[in-house]
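We did not get these values from a lab; they are worked out from the coordinates using the rules stated. For clarity, every value in this text was computed on a predicted model and none was experimentally measured. Ideal geometry is used to build each Cβ from the backbone, glycine not excepted, and the neighbour counts take in all protein chains shown.
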Amino acid sequence: MFPIARIFGIAVVAVTLAAGCSRKSSNRPAPRRINTDSLVREQARQDSIARADAARAAAAAAAAVAAAAGPATTAPVSASERTIIAAAIYFDLDESVITEDSRSGLEGKAPVLLRHPGMRIRITGHADAQGSDEYNLALGLRRAAEAKRYLAALGIEESRVEIVTMGEERPAVQGNTEEAYALNRRAEFEVIAGG
């Protein structure tokens, strides 16, 4: 037979374990399961809505630009029209998304391009010096491509627009301040034919 002390010890250990387990489960809530499939579907839905909103805005802007452009002309490009075309647009840090200010700048260029159907332009994308050379070259190209895509949505034939990238190679402003970086995150426009 077991000695009474041993049986008593086993009983105390069992009661202690049971009490410890019951306290743990009462203090902690059960872990929640996250359904990642529903999160992915919701993000895709939000992205789709954003793309549809952007397409509607671009269509409305294209209609407004076409109305403002007037008839096409073979007249020479005026100095004010050259200034409009040459105005740079700017981007946020590490972004190629067209900002509201940049959208307005591009919508100002479109009537000039529609009035002068023989005009061709080059868009050069730039980046600040805060990334690797390879990354900044790719970012500059994405910025130029986004500007071209927006102009195409406004009714400008893509064949009239060429894009290149300079990455961080040709800064508009020298320096390592946020102000200098902001001025270097840009796309520049140049008339290459018909102007």
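Here are the numbers for the structure shown:
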quantity	calculated
Förster radius 35 Å - calculated FRET efficiency between V97 and Q174, Cβ distance, rounded to 0.05	0.85
Extension reserve of the R28-S159 stretch, reckoned as 0.36 nm per residue once the Cα distance is removed	40.8 nm
Residue-count net charge about H126 - beta-carbon cut-off 12 Å; Lys, Arg +1, Asp, Glu -1	+1
Segment E190-Q130, length gained on full extension (0.36 nm per residue, minus Cα span)	19.1 nm
Length added when fully stretched, R149-S38, from 0.36 nm per residue minus Cα-Cα	36.8 nm
3J(HN,Hα) from dihedral phi, the range 96-111, Karplus parametrisation 6.51/-1.76/1.60, rounded to Hz, x for glycine, proline	10, 6, 6, 7, 4, 5, 5, 4, 4, x, 5, 5, x, 6, 4, x
Virtual spin-label span in nm between A75 and A50, 7 Å along Cα→Cβ	4.2
